[in-house]
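Everything on this sheet refers to the single structure shown next.
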Amino acid sequence: MPRHNTSVCAACLNDYVVEQVKRAIKDHTMFGRGDRILVAVSGGKDSLSLWDILMRLGYDTAGLHIQQGIGDYSEQSHQKTAAFAESRGAELILHSLKEKEGAGVLELADLTDRSPCSACGVMKRYNFNKIACDRGFDVLATGHNLDDEASRLLGNVLRWQEDYLAKQFPALQATHEKFVKKVKPLYRLAEREITAYAVVNKIDYVIEECPMSVGSKMFVNKEVLNRLETDAPGTKQAFYFGFLERQKQEDLSREDETIRSCTRCGQPTTAAVCSYCRILEKVKTAP
Amino acid sequence: MHVLLQHPKRETEIKGPRTVGQLLKRLNLLPEAVLVLRGDELITEDEALKEDDIVEIRPVISGGS
Ligand code: SF4
Ligand SMILES: [Zn+2]
Ligand SMILES: [Zn+2]
């Protein structure tokens with residue numbers, strides 16, 4: 001991290017972070033000046049920083065916040081996201097699961113025997129994509145950073161989940177007319193660098209973690225990588241960037257496994273009925 | 001020094017460490033997993049600490065998916 005003597009230098013840090021994001025956008029042709037970008041914002045450090053950086057770079061953006069209905073945590077997330085948008089005069093789209101789907105993440109998990117994170121994941125992926133498409137956005141941007149991607153890669157490699165590997169690219173083209181292009185402009189930046197960016201720019205983000213994340217495997221993988229990083233700085237980058245280089249060479253952009261349209265809602269899926277519709281079915285038939 | 005910690009939010013007094021690096025070691029924290037603030041200033045591992053300093057240790061790792 002850029003520093004002078006023993007303090008982190010805010011000006012140099014900002015230059016560094018913005019440069020890395022510019023490079024990510026360029027290297028993976030994520031989007032251009034004419035594109036409308038929907039930024040998925042949770043209220044955490046990564047997504048708010050991403051939105052801040054894209055606005056700083058002059059891109060045409062709007063934020064999308066999903067209210068998950070997980071008690072205080074979700075309330076705080078909503079408040080901080082709304083305050084951020086307002087302070088910058090930015091457009092924020094809100095989507096409340098309780099209002100639109102009829103139940104929050106915890107109820108959805110109960111009704112479907114899924115874990116809260118699994119139900120939450122389906123709701124987020126579905127709504128991010130659908131709202132982006134319906135409202136005519138060209139691309140959906142999420143705040144995934146280097147630690148997110150490297151730890152996910154580690155998890156996938158440990159189990160040799162090769163199907164998932166192809167989807168771990170920082171830019172995914174739309175492979176169905178109802179898929180929006182998805183990009184991760186922060187993939188070059190360590191979680192620590194993004195947090196520092198949020199702190200020096202006084203971005204008021206939610207420090208609390210989602211209560212459902214306690215004991216998540218993601219923490220373990222991130223900790224393992226941070227241990228390796230402490231011993232040999234540059235390990236995380238070498239691991240994830242090395243993977244991207246190899247992917248490029250092998251050109252794994254092979255045809256996606258038979259993406260078709262959900263028979264109920266028409267959204268892209270690999271099954272006859274998509275996971276979202278299967279979850280909502282349970283909400284409708286709940287006593 | 002007075003130390004503010006998160007997850008869960010708590011405060012504690014710690015005596016002895018003379019640098020940020022030593023403080024983190026004492027708390028068994030990886031430098032890569034936290035940021036250390038004194039007031040508004042982000043300080044690095046080599047920064048000297050005084051007994052009457054108030055420092056905040058901010059975790060940088062988020063979980064979930
Ligand atoms: S931890 Fe799980 S429930 Fe909480 S926001 Fe993340 S995916 Fe959703
Ligand atoms: Zn500087
Ligand atoms: Zn469907």
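The values are calculated or read from the model by the stated rules, or taken from the named source; none is laboratory data. These numbers were taken from a predicted model, which means no experiment stands behind them. With ideal geometry, Cβ positions are generated from the backbone for all residues, glycine too; neighbour counts draw on all protein chains shown. What goes into the accessible areas is simple: the full protein's heavy atoms, side chains included, and nothing from ligands, DNA or RNA. Shrake-Rupley method; radii C 1.70, N 1.55, O 1.52, S 1.80 Å.
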Please enumerate the residues belonging to segment A:111-157 that are modelled with pLDDT of 95 or more, acidic (Asp, Glu) and surrounded by fewer than 18 Cβ atoms within 10 Å (Cβ to Cβ).
-> A:Asp134, A:Asp138
Listing of strands (runs of 3 or more DSSP E) fully contained in chain B that carry 1 or more residues being open to solvent by less than 20 Å² (accessible area, probe 1.4 Å) | B:2-5, B:34-38, B:41-43, B:54-59
Read through the list (1) assigned to a helix (DSSP H, G or I); (2) under 18 Å from B:Gly63 (Cα atoms); (3) in contact with a strand residue (DSSP E or B) (Cβ under 8 Å, 6 or more places away or on another chain), then give the number of the only condition that A:Asp46 fails.
-> (3)
Residue within segment A:262-281 that is within 16 Å of ligand 1 (Cβ to nearest atom), among the hydroxyl-bearing types (Ser, Thr, Tyr), within 29 Å of A:Pro116 (Cα to Cα) and modelled with pLDDT under 95 present | no
Filter result for A:Asp110 (in a helix (DSSP H, G or I) and touching a residue at least 40 places away in the same chain (Cβ under 8 Å)) = no
Answer from A:Met55, A:Met1, A:Met30 - the residue that is at pLDDT below 95 and either open to solvent by 10 Å² or more (accessible area, probe 1.4 Å) or under 19 Å from A:Phe137 (Cα atoms) (or both) | A:Met1
Subset of segment A:1-45 that is within 16 Å of ligand 1 (Cβ to nearest atom) and within 13 Å of chain B (Cβ to nearest Cβ) - its residue that is nearest to A:Pro170 (Cα to Cα) | A:Ala40
A:Lys284 fails exactly one of the following numbered conditions: (1) surrounded by fewer than 15 Cβ atoms within 10 Å (Cβ to Cβ); (2) under 30 Å from A:Val8 (Cβ atoms). What is the number of that condition?
-> (2)
Lone qualifier among A:Leu54, A:Leu48 - being within 13 Å of chain B (Cβ to nearest Cβ), out of contact with any Leu (no Cβ under 8 Å at 6 or more places or on another chain) and of a type in the set (A, V, I, L, M, F, W, C) = A:Leu48
Filter segment A:194-232 for residues that are open to solvent by less than 30 Å² (accessible area, probe 1.4 Å), at the interface with chain B (Cβ under 7 Å from one of its Cβ atoms) and not hydrophobic (A, V, I, L, M, F, W, C) and give the result.
-> A:Thr195, A:Ser213, A:Ser216, A:Lys222, A:Asn226, A:Glu229
